[in-house]
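This report refers to the structure that appears directly beneath it.
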Amino acid sequence: MALSLDPEIAQALVPMAGAMADATPPAVGDIAARRAMWEPIIGAAGTAQPIPDDVKTSEHHTTADDGARITLRWYTKDGAAPGPAVLFFHGGGYIFGHIDLFEGPVSRYVSASGVPMLSVEYRRAPEHPFPAPLEDAYSALRWLHAHAAELGVDRDRIGVMGDSAGGGMAAGLTILARERGGPKIARQILIMPMLDDRTTTPDSHIAPYLLWSYDDSLTAWPALLGEAAGGPGVPATAAPARLEDATGLHRGRPARRLPRRRRRLRHQTQPRRRAGRIPPAPRCPTRVRLHRLHLRRRPPRHHRPHPRPQIHLSRHRARSPHATGGVCRRSTQVARPPRCPPRRSLSDTGTNTLKHRAAGPESLRAACALTAGRLPDSMRAARHLILT
């Protein structure tokens, strides 16, 4: 499988690729060299675009369970209405990066969306291995939930977001919040998340295009997890790719329930059959097809006898002249059904509704739309519920 880089993306990555071409890749396990190389690159990328003027920031702090002081930066857009909020975690492979380097991206997210964000300065590995960074994230979530009223935030609409290690942090926090019974998270926005500590075997197809290499992963995961990295005992809160059951991770959108009257219409596409009545039994093939599609239409003109016979069938018989014979009201003679004429193509009869039947669902919808004006209100409502 041959892969290639999109020309537009390649052109956008030229400055970064040129800067990295002259740099010597750090050795596996060299965290200081990676911090020295990556943090200037992230900072330059964050300020490459202008920082919006309509976003204001404020500093806050909270305390983790072990007493560590955590810095939180609150971003809001001028004039934004109260509502949802996002807890943001920056990237950096769990071993580098801080909130100042992501000032530009977070400000642009807030300006473009109008949704305020709380950026978290969580502690980094290897000085603070797992679960310290995740506990910092959980403390920030509880702080935002506790101060939601004064910040104008709906507690039921708090989401988590992050890129790279921040994406893995957001996913792990969602799992941890479920295990501890809250606070409930509404949504996850994971950007190129760092989820799996077991992806250590290089793939020759994608290796030439990687900015974050396999050597970087072989350095970052052991820094976070220690000797447990890649082994069977790593919890899903540390490597979310190990999660087996994702039930109840975040607030899902409730299922759409139809009003009672509209729900009943779904089951009334055919007339009700009363006790003691005989259902219609059309014999003409075209009439049968119309009956199967629940389109209550009269048979084509060439299927009706001409002139119309002066015979009145009993009320339990179908209106179609091709129904089975019934007892005439005026006499005891049995009215025999007229002989069905030879089958003709639908294009010959002028009935174009059914010729779309074999062409697929879209054609069927278009065909049903042609008959919408001729159907009763209840049938039109049922057709709309079924086909939309």
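The values are calculated or read from the model by the stated rules, or taken from the named source; none is laboratory data. From a predicted model like this one, the values you see are computed outputs, not experimental measurements. Note that each Cβ is placed from the backbone with ideal geometry, even for glycine, and that neighbours are counted across all protein chains shown. Note: areas computed on protein heavy atoms with side chains; ligands, DNA, RNA excluded. Shrake-Rupley method; radii C 1.70, N 1.55, O 1.52, S 1.80 Å.
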Whole-Hz Karplus couplings 3J(HN,Hα) for the stretch 177-184, θ = phi - 60° and coefficients 6.51, -1.76, 1.60, Gly and Pro as x, run 5, 5, 5, 9, x, x, x, 6
Does a label point 7 Å from the Cα of residue 250, set along Cα-to-beta-carbon, have any residues of the stretch 156-171 with amide nitrogen under 13 Å, and which are they?
157-163, 167-171
Please sort by residue number the GluC sites (Glu not before Pro) in the stretch 60-168 whose DSSP state is loop and whose Cβ has at most 10 other Cβ atoms within 10 Å.
127
Regression test value, accessible area per residue of the stretch 1-87, probe 1.4 Å, units Å², expected 63 Å²
Kirkwood Rh and Cα-based Rg: tell me the resulting Rg over Rh for the stretch 1-143, rounded to two decimals.
1.02
